[in-house]
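Take a look at the structure below.
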Amino acid sequence: MTSETAVPTTTGTTTRTGDWPGWPVEFAERYRAAGHWSGETFGGLLRERARRFAGRTAVVCGERRWTYADLDARVDRLAAGLAGRGVGRGDRVVVQLPNVAEFLQVLFALFRLGAVPVLALPAHRRVEIGRFLEQSGAVAYVVPGVHGGFDHRELARELLPQHPDLRLVVVVGADVPGGFGADAPGAGGFAALADLETDPLPGPDPDVDPGDLALLQLSGGSTGVPKLIPRTTDDYLYSVRAGAGVCALDPATVYLAVLPVAHNFPLSSPGVLGVLHAGGTVVMCPHPAPDVALPLVARERVTLAALVPPLAQLWLQAAARGAHDLTSLRLLQVGGARLADEVARRVGSVLGCELQQVFGMAEGMVAYTRLDDPEEVRTSTQGRPVSPDDEVRLVDDDDVDVPEGATGHLLVRGPYTIRGYYRAAEHDRTAFTADGYYRTGDLVRRRADGNLVVEGRAKDQVNRGGEKIPVDEVEAVLLAHPAVLDVAVVGLPDPHLGERTCAVVVPVAGAAPTPAQLRGHVRAHGLAAYKVPDRVEVVPAFPHTAVGKVSRRRLRTLLAEQLGEKPAAVGPAT
Ligand code: OOB
């Protein structure tokens, strides 16, 4: 069952099997000596908090409230049930759950077993999930039954026979009031979590090596197929602990989980894991709309929430109408995409709380503005990295450091930034520098006070209100349409989302595909709905330049310009 076995660190690197590169041994030693990598495990953390905060509320989900003791006991049951079905240390398990209490139960059960959750988003569909199963070799897939009108069991049934490693589909009946659904559909390999509640309690906790994989996060992706991000217990728990410190979380913290909780921001920056670390309460928000979220803020006396910029704007609009009591709110985190300074400046007065900007990535580095920063810093910068051992470089196209204060490509390295993707050694050669810095694809400026300002992006990705769309993935799907000769997907500025997508399509001779047909084609192909182009323009030919052949990037920039608008937040063409 175990596919990652630690090799002795005396060999000069902490690299495991060939699946993912660890940190070079001198870095690992430094991070341990500094106390960043503490050796604590997530399973052990929950056990300890359940002892210390037994009767306090850990998670609220609808009308259900689980104490720390409840959560811990449910995690044990589930771990035993999963172990009884053959899930064990090192096994990968694709988890695709919305914001429900069971998300935490499943996550911690897998942590406790030393199994490795692969954190899919509820919006992912056949193409993405199939890819995660394939790339990770997952043995199990955890689904929510029906969610948002989509039957995930149907998808699981379709995918089961295509993935020989996949043996078990676990259905969490999040739509069933009062707990787990018992609606095991009877197809081979399916189990409902309800069965697991009667499973025996497990024996002693399996030994979990904190240097091993804790989870696989998803990259936003830019070139090729989006990659899986190998995060270890040591590194992930450090980012959680450090984030909880910067946000001054404590047992009185009540966190509203608004964004999809599998995402690195609401999960670990400091997110739900940071809140459990601090002994606080997580309130699961079933839908991000203000008319769902704001009544929950009032009902549960929420003190902290994390939003992407478009949601922050919606909250501001709703709060200005004054219908909800938001007096409990102390801190609003905004990140995932660039927050406009004008919007940032309104947060304090309209919501009556402090603003914290968060600039991070599932690959690792997270920057925060600090609670005691001057207002100007909190409203016009994206903060500074959380760890004193985060190393930041800003370089030009030739990897030469830019002068202080100039904008450059952001490279990062540190105690919780990966040194390579999962099973993607070839891709790593370009995604990382030879000395281990991750190339973020972001264009960033560092002010004299050390705070970072995100000025744009050099990666072929559209950031649609925090949701990352790798443009070449969408282009490849459109190219497969018989009426499409060529296509470029570009980001256009959008007042609400920051950016929206436009597919510019050149049809084959004699064909006249309609935008509706082409959008339908992307949807039917099985991509997440947020990747369906917002707009489709059918043009007779792409622009030509005097210099002849243009790069994809240059082409995208030209097209965005031709559409009469400047491409939003896109860096200089290369
Ligand atoms: C977060 O993580 P990802 O992996 O979905 O996306 C990372 C990318 C960054 O490279 C950057 O391009 C963009 O998202 N980004 C921001 C930003 N925060 C993220 N761009 C401008 N301003 C910001 N504040 O998005 C993420 C992970 C952990 C914490 C927060 C966000």
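The values are calculated or read from the model by the stated rules, or taken from the named source; none is laboratory data. None of these values were measured; they are calculated from a predicted model. Note that each Cβ is placed from the backbone with ideal geometry, even for glycine, and that neighbours are counted across all protein chains shown. Calculation scope for accessible area: heavy atoms of the full protein, side chains included, ligands and nucleic acids excluded. Shrake-Rupley method; radii C 1.70, N 1.55, O 1.52, S 1.80 Å.
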Segments classed as helices (runs of 4 or more DSSP H), wholly inside segment 334-437, with at least 1 members that are within 22 Å of S268 (Cα to Cα): 375-380
Tell me, please, whether a residue that is surrounded by 24 or more Cβ atoms within 10 Å (Cβ to Cβ), of a type in the set (A, V, I, L, M) and on the phi < 0 side of the Ramachandran plot can be found in segment 386-408. yes
If I ask for residues that are more than 16 Å from the ligand (Cβ to nearest atom), aliphatic (A, V, I, L, M) and open to solvent by 20 Å² or more (accessible area, probe 1.4 Å), which ones from segment 470-508 would you list? A476, L479, A480, L485, V508
Selected residue (only one of P161, P122 is of a type outside the set (S, T, N, Q), under 22 Å from H287 (Cβ atoms) and not assigned by TED's automatic domain parsing to the domain that holds V522): P122
Any pair with Cβ under 6 angstrom, 6 or more apart, that starts in segment 270-281 at a residue that is at pLDDT below 95 and ends at one that is outside any helix (DSSP H, G or I): none
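Look at segment 457-469 and say how many of its residues are more than 9 Å from the ligand (Cβ to nearest atom) and open to solvent by less than 20 Å² (accessible area, probe 1.4 Å). Working first, answer last.
First, the residues of segment 457-469 that are more than 9 Å from the ligand (Cβ to nearest atom): 458, 460, 462, 464-465, 469.
Those still in the list that are open to solvent by less than 20 Å² (accessible area, probe 1.4 Å) too: 462, 465, 469.
Residues flagged as more than 9 Å from the ligand (Cβ to nearest atom) and open to solvent by less than 20 Å² (accessible area, probe 1.4 Å) within segment 457-469 amount to 3.
Would you call A58 open to solvent by 50 Å² or more (accessible area, probe 1.4 Å) and hydrophobic (A, V, I, L, M, F, W, C)? If you could, list the steps in order and put the result at the bottom.
Numbers: open to solvent by 50 Å² or more (accessible area, probe 1.4 Å): no; hydrophobic (A, V, I, L, M, F, W, C): yes.
Answer is no for this residue.
Please verify whether G322 is modelled with pLDDT under 95, assigned to a loop (DSSP other than H, G, I, E, B) and open to solvent by 10 Å² or more (accessible area, probe 1.4 Å), treating the condition exactly as stated.
So G322 passes the test.
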G360 being assigned by TED's automatic domain parsing to the domain that holds G245, closer than 25 Å to T440 by Cβ and open to solvent by 20 Å² or more (accessible area, probe 1.4 Å): yes
Could you tell me whether segment 302-312 includes any residue that is within 15 Å of the ligand (Cβ to nearest atom), farther than 20 Å from L97 by Cβ and of a type outside the set (A, V, I, L, M)? yes
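Any idea which of T379, T417 is within 16 Å of the ligand (Cβ to nearest atom), in contact (Cβ under 8 Å) with a residue 40 or more places away in the chain and of a type in the set (S, T, Y)?
T417
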Restricting attention to helices (runs of 4 or more DSSP H) lying wholly within segment 255-301, give those where 2 or more residues are within 16 Å of the ligand (Cβ to nearest atom) and at positive phi. none
Flag for D372 being without any contact (Cβ under 8 Å) to a residue 24 or more places away in the chain and either crowded, with 19+ Cβ neighbours inside 10 Å or among the charged types (D, E, K, R) (or both): yes
